[in-house]
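Enquirer: Submitted below is the structure of interest, expressed as structure tokens.
The values are calculated or read from the model by the stated rules, or taken from the named source; none is laboratory data. From a predicted model like this one, the values you see are computed outputs, not experimental measurements. Backbone-built Cβ (ideal geometry, glycine too); neighbour counts: all protein chains shown. All accessible areas refer to the heavy atoms of the entire protein, side chains included, with ligands and DNA or RNA removed. Shrake-Rupley method; radii C 1.70, N 1.55, O 1.52, S 1.80 Å.
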Amino acid sequence: MTIAILGAGKVGTVLARLAVAAGYRVLIAGSREVSKIALIVEIVTPGAIATTAAEAVAEADVVILALPLGKYRTIPAEALRGKLVIDAMNYWWEVDGIRDDLTDPRTSSSEIVQEFLPESHVVKAFNHMGYHDLEDGARPAGSPDRKAIAVAGEPRDAEQVAEIVNAFGFEPVVVGPLAEGKRLEPGTELFGANVGATEIRTMLDRYPDTPQAQQVAAARTTAESAA
């Protein structure tokens, strides 16, 4: 299986190393010309291949988005038709600027990405754990100290991504459809957590009682009533 990673920053390169270690063929594309990142990729992610976003997507079975969220419209949407897409992006105002369109409580950021990629199968994963924890946290299945990664998406797609999460060295916890990705975003208890599956499920159970969850529920209820 070939995995393409769009984004050659800290998260993208860590995920590339995990993918290579798991035995996948890995293509990685950054914002700069291939010639300018090829040597960096060779040193930082040995085994991965630097290429253009278009070429990476064309050859990939699965595509991981590790770009700044504000650049999601630069993703080659047409080339991603029918592809399984893992959204590892988060909104950071310091990077993305003040963007009301990316902070609407009625929707999750991954749903925004799905709307831009209507013919793709978008699943949210690898977004809530820090890149340094991803780097150091991979463990074989069954390890008592294995950390967990939450996954949000439609059942069949989420199941496929859960297999990749497991191969990367983490325990997958499927939280529900893509809208439930709101539970994994910045500002939630789960965001930044480096814990096992039991702890993740406990945090998810607590989410409905948080102010953020209540704001989201109210906004969604208002939107449904207006519709």
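Enquirer: What is the extension gain from D100 to R25, computed as 0.36 nm multiplied by their sequence separation minus the C-alpha to C-alpha distance, in nm to one decimal?
Expert: Extra length available between D100 and R25 comes to 23.3 nm.
Enquirer: Starting from the Cα of K36, step 7 Å along the direction of its Cβ; do the same at N166; then give the gap between the two resulting points in nm.
Expert: 4.1
Enquirer: Rounded to the nearest 20 Debye, what is the dipole magnitude of the stretch 130-182 about its Cα centre when Lys and Arg each give +1 and Asp and Glu each give -1 at the C-beta? It would help to have the intermediate numbers written out before the result.
Expert: Details: 5 positive and 10 negative charges, 16 e Å.
The calculated dipole for the stretch 130-182 is roughly 80 debye.
Enquirer: Looking at G130, A48, V14, which one has the Cα that reaches farthest to the positive end of the dipole of the chain (charges on Cβ: Lys, Arg +1; Asp, Glu -1)?
Expert: A48
Enquirer: With +1 on each Lys and Arg Cβ and -1 on each Asp and Glu Cβ, and nothing else charged, work out how big the dipole of the chain is about its Cα centre, in Debye to the nearest 20. Walk me through the intermediate numbers first.
Expert: Details: 21 positive and 31 negative charges, 58 e Å.
Charge dipole, the chain, about its Cα centre: 280 debye, nearest 20.
Enquirer: Something else about it: Quick one: with all protein chains in place, what share of the accessible area of the stretch 95-146 is carbon or sulfur, to the nearest percent (1.4 Å probe)? Spell out each step's value before the answer.
Expert: On the way: 1290 of 2550 Å².
Carbon and sulfur together cover 51 percent of it.
Enquirer: Considering only protein heavy atoms, with the full assembly of protein chains and a 1.4 angstrom probe, order K147, K124, K83, K10 by accessible area, largest first.
Expert: Sorted descending by solvent-accessible area, the residues read K10, K147, K83, K124.
Enquirer: Which value at 222 nm does the chain reach when only helices count, each DSSP H run of 4 or more adding -39,500 (n - 2.57), with the total divided by all residues and rounded to the nearest 500 deg cm²/dmol?
Expert: That calculation yields -11500 deg cm²/dmol at 222 nm.
Enquirer: Same structure again: List, in the order given, every pair from K36/K182; K10/K83; K10/K124 whose Cα-Cα distance in the structure shown is over 26 Å.
Expert: Checking Cα-Cα distances, K36/K182 exceed 26 Å.
Enquirer: So, one more: Looking only at the stretch 44-174, where both bridge partners belong to it, what percent of the DSSP beta bridges are antiparallel (to the nearest 5)?
Expert: Counting only bridges with both partners in the stretch 44-174, antiparallel ones make up about 10 percent.
Enquirer: If you don't mind, there's one more thing I want to ask. Say each of R139 and A227 gets a label point 7 Å from the Cα, pointing the same way as Cα to Cβ; how far apart are those two points in nm?
Expert: Between R139 and A227, the simple spin-label model gives 4.1 nm.
Enquirer: If you don't mind, another one. When DSSP beta bridges are limited to those with both residues in the chain, what percentage is antiparallel, rounded to the nearest 5?
Expert: Values: 1 of 25 bridges.
Counting DSSP beta bridges with both partners in the chain, the antiparallel share is about 5 percent.
Enquirer: Let me check against my output: what whole-number percent is the relative contact order of the chain, with C-alpha pairs under 8 Å and at least 6 apart?
Expert: Relative contact order comes out at 16 percent.
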